[in-house]
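Colleague: I'd like to ask some things about the structure below.
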Amino acid sequence: MTFPLTELDDAAGDVDRDHGVDAVEALEAEPVDAAPPAPAAPEDVEVLLSHTAERRSGPRPPAGRIITVVSPKGGAGKTTVATNLAVGLARRAPGMTALLDLDLTFGDVASALLLDPKHGIGQVARAARALDDAAVKMLLTQHPTGLHVLCAPDDPVEGDDVAPEDVASVVDLLGADLPYVVIDTGAGMDEPTLLAVERSTDLVLVGAMDVPSLLGLRKAIDVLDRLGMTSARRHLVLNRADSRVGLEVADVESTLGLEVAVSIPSSRSIPLSVNQGRPIIETDWKSPAGRALQELVDRFAEVPTTRTGGFGWLRRSAR
Ligand SMILES: Nc1ncnc2c1ncn2[C@@H]1O[C@H](COP(=O)(O)OP(=O)(O)OP(=O)(O)O)[C@@H](O)[C@H]1O
Ligand SMILES: [Mg+2]
């Protein structure tokens, strides 16, 4: 069910109170069906996909952009890109962007944004079975910019209990109401990531200027093509894109068959900003790395004119 945005705005106080109670009750209740699906071999993405296709009832059409940030390699810069992109979009349109941490085992969006979530994706996904959309949204964590965040479980073991079909429901639910949903993912292409990719309007592929990283990305692109996941627009982000490393941008583009959308140079400000829990797009946006991330935001940020709400009743003032 999609909750009408105008009703949410108009009935802010009542909706807040009423659904808050339902949400807490649902979280305290036993899961309706806590058994996770049988695990499939991670390497066999085609088997995984056929399983997910059987399980899901069909994604709801997204209201705006669902932007999934992927890379086959760990440490490529996915969380850096996802958090900065989401915060950048939220600053332009507070209340209209959600960030979902789909790195279910080692997700670190919460620490990168200095958040202390009361509920993680495990609880929210479970609640999604029992509650309506408005109540589920009450469980998201609010960032001061007006970004709605759904963090990964604190405990990596809990990540195993998150059923892929629940991940799909949460993506559908957020995507059906919000102009922007940004999704951070773990390294590789696990089942939750493929479910997100399948529902995405845009993919941000993060790679570094080194041969192993580019070969990994090439393979990931081939897998997506083989699976027919070609509808999302692809945006190539080169991270730590420094000169004099023996590769040229033209080499990268011809290897991947994609134009580089944005190049982010190495910058000390990035780990510094992560350690402070404030993205560089807020703390040092004038630096070359900050400007590059701003450029990425610009690719997506047309302030929506047809939608007026977002979750206005959860909106906070921008920093
Ligand atoms: N352009 C950059 N310059 C300097 N440091 C960077 C840059 N991009 C990312 N980093 C640092 O590299 C580390 C890994 O980045 P990040 O966490 O964004 O990668 P990831 O792809 O999300 O990793 P994982 O696969 O573990 O989730 C972080 O400490 C981050 O601060
Ligand atoms: Mg990460």
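A short reminder: the numbers here are calculations on the coordinates, not readings from a lab. Bear in mind that the values here come from a model prediction, so they are computed numbers and not experimental data. Neighbour counts run over all protein chains shown; Cβ positions are idealised from the backbone, glycine included.
Colleague: Residue by residue, what Karplus-based ³J(HN,Hα) values in Hz, rounded to whole numbers, does the range 82-97 have, using 6.51, -1.76 and 1.60 with θ = phi - 60° and x for Gly and Pro?
Modeller: 3J(HN,Hα) across the range 82-97, in whole Hz: 5, 5, 5, 5, 5, 5, x, 5, 5, 5, 6, 9, x, x, 10, 10.
Colleague: Scan around I183 for amide H atoms under 5 Å from its own, H built in the peptide plane at 1.01 Å from N, and keep only partners 5 or more places away or cross-chain.
Modeller: I67, T68, V69, L100
Colleague: Still on this model: Per the Kirkwood formula on distinct C-alpha pairs, the Rh of the range 111-196 is how many angstrom?
Modeller: Working: mean 1/r = 0.0747 Å⁻¹.
With all distinct Cα pairs of the range 111-196 included, I get 13.4 Å.
Colleague: Could you run the Karplus curve 6.51 cos²θ - 1.76 cosθ + 1.60 with θ = phi - 60° over the range 268-284 and give me ³J(HN,Hα) per residue in whole Hz, x for Gly and Pro?
Modeller: With coefficients 6.51, -1.76 and 1.60, one gets 5, 5, 6, x, 4, 5, 5, 5, 8, x, 9, x, 4, 5, 9, 8, 8 Hz.
Colleague: What is the extension gain from S266 to D251, computed as 0.36 nm multiplied by their sequence separation minus the C-alpha to C-alpha distance, in nm to one decimal?
Modeller: 3.5 nm
Colleague: Also: Can you return the lysines within cross-link range of K286? Criterion is Cα-Cα under 26 Å, with same-chain partners fewer than 8 residues away left out.
Modeller: Leaving aside lysines fewer than 8 places away in the same chain, those within reach of K286 are K78.
Colleague: Fewest to most neighbouring Cβ within 10 Å: what's the order for H235, H148? Show your work: numbers first, answer last.
Modeller: Values: H235 21, H148 26.
By the 10 Å Cβ count, ascending, the order reads H235, H148.
Colleague: OK, next. Taking amide hydrogens as modeled 1.01 Å from N in the peptide plane, which residues meet the under 5 Å criterion relative to K73, leaving out close sequence neighbours?
Modeller: For K73, the qualifying residues are G188.
Colleague: With the convex hull built on the Cα atoms of the range 106-261, state its orientation-averaged projected area in nm². Please report the intermediate quantities before stating the final value.
Modeller: Details: hull surface 41.4 nm².
Over all viewing directions, the range 106-261 projects a mean Cα-hull area of 10.4 nm².
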